[in-house]
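Just below is one structure, and these are the notes that go with it.
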Amino acid sequence: MARRKISIDDRIEQQKLAVSKAKDRYEAELEQLNQLMKKRDEIRNKELLQAIEHSSRSFEEIMDFLGTDDFQD
């Protein structure tokens, strides 16, 4: 039984499609990762603000502890 020959151009086109699909999957996974990281940061920020609100320390004391004294609005 003879094997069907696939031209190099056909193989190139098949590979381009495979790469395109892989790129689409990569971009979708990257977007999901970015959304999860953003959500994590939002949760951490909320927890940090709650900790500051319930702290007996002043804003200045907290900023000094964090190592910066040049805070501005």
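The values are calculated or read from the model by the stated rules, or taken from the named source; none is laboratory data. Since we're looking at a predicted model, the values are computed, not measured. With ideal geometry, Cβ positions are generated from the backbone for all residues, glycine too; neighbour counts draw on all protein chains shown.
Any idea which of E29, E13 is more than 11 Å from the chain's Cα centre (by Cα) and on the phi < 0 side of the Ramachandran plot? Walk me through it before giving the result.
Numbers: E29 fails: more than 11 Å from the chain's Cα centre (by Cα).
Result: E13 is the single residue among E29, E13 that is more than 11 Å from the chain's Cα centre (by Cα) and on the phi < 0 side of the Ramachandran plot.
Residue under question is E53, and the condition is that it be of a type outside the set (A, V, I, L, M) and closer than 28 Å to D64 by Cα; does it hold?
Working: of a type outside the set (A, V, I, L, M): yes; closer than 28 Å to D64 by Cα: yes.
Judged against the criteria, E53 is a match.
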Going through the stretch 26-73 one residue at a time, which ones are surrounded by 10 or more Cβ atoms within 10 Å (Cβ to Cβ), modelled with pLDDT under 90 and part of a loop (DSSP other than H, G, I, E, B)?
F71
